[in-house]
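The values are calculated or read from the model by the stated rules, or taken from the named source; none is laboratory data. None of these values were measured; they are calculated from a predicted model. Counting neighbours? That spans all protein chains shown, and the Cβs are built from the backbone with ideal geometry, glycine included. For the accessible areas, the whole protein counts, side chains as well, though only heavy atoms, and no ligand, DNA or RNA atoms are used. Shrake-Rupley method; radii C 1.70, N 1.55, O 1.52, S 1.80 Å.
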Amino acid sequence: MSKIKTTLVLGVGNNLLTDEGVGIHVINRLQEQFPHKESVTFVDGGTLSFSLAGLLAEHDQLIVVDAARTGGSPGSVVCYEGSDMDRYLTGNRQSVHEVSLTDLLDIARLSDHYPEKRALVGIEPGSLDWGEKPSDPVAKAIPSAVCMVIDLIDRWGVDCD
């Protein structure tokens, strides 16, 4: 019997710091374009908080959207799934809230709610100056990140038992 998996899509970042807020901009676009996507919850996670642990526990799968320093050119989009995401988060982190994301996932692991399917969709930032809008290269990457998230949701959608 197949069961529809529930997916939490968590956009994180500080939308007062240009490209640092790209996860929030992607979540806003997803909410506008896919307001009734079945079994999916889109959440503006801001700069993260332990209060998100309960929300994570209510879902089977997790997709995080964030600014991610990977060494690419500004606006390049990457996707790390499963253990690749884990390795990225435990590597040389540049963003303050990624420590909290690691802590949040540790809480999920300890409470036996660690998502088997998880991914990080990251966009290389170009600017972390004060400002509520992303830089041009990062703004142009938002549609690609949206498509990447939807592709993951669709690919992960049904679990055949």
Revision key, fill the gap. Counting only protein heavy atoms with a 1.4 Å probe and every protein chain in place, the carbon and sulfur fraction of the accessible surface of the chain in whole percent equals 51
Study note, to complete from the structure: Averaged per residue, the 1.4 Å probe accessible area of the stretch 1-113, protein heavy atoms only, in Å², is roughly 48
Study note, to complete from the structure: So, with points 7 Å from each Cα along the Cβ direction, the SER127-SER51 label distance in nm works out to 3.1
Practice item. Kindly express, to the nearest 10 degrees and within the range 0 to 90, the angle between helix 136-156's C-alpha long axis and the longest C-alpha principal axis of the chain. Key: 10
Review point. With charges only on Cβ, +1 for K and R and -1 for D and E, what is the dipole size of the stretch 14-68 about its Cα centre, in debye, rounded to 20?
Key: 60
**Study point:** Residues whose placed amide H lies under 5 Å from that of GLY131, excluding near-sequence neighbours
**Key:** LEU17, THR18
Check your understanding: Where a Cα-Cα gap under 26 Å defines reach, which lysines qualify for LYS140, not counting those fewer than 8 residues away within the same chain?
Key -> LYS37
Study note, to complete from the structure: When the charge dipole of the chain is computed with +1 at the Cβ of Lys and Arg and -1 at the Cβ of Asp and Glu, the Cα pointing farthest to the positive end, of HIS59, THR47, MET148, is that of MET148
Exercise for review: Please state the charge dipole magnitude for the chain, taken about the Cα centre, from unit charges on C-beta atoms (+1 on K and R, -1 on D and E), reported in debye and rounded to the nearest 20.
Suggested key: 140
Practice item. Starting with the highest mean, order 45-58, 23-36 by the number of other Cβ atoms within 10 Å, averaged over the residues of each peptide. Key: 23-36, 45-58
Review point. Using θ = phi - 60° and the Karplus curve 6.51 cos²θ - 1.76 cosθ + 1.60, what whole-Hz ³J(HN,Hα) does each residue of the stretch 108-118 get, with Gly and Pro shown as x?
Key: 4, 5, 5, 9, 6, 10, 5, x, 5, 9, 8
Point to revise | Mean projection area, nm², convex hull over Cα of the stretch 12-161 | key: 8.6
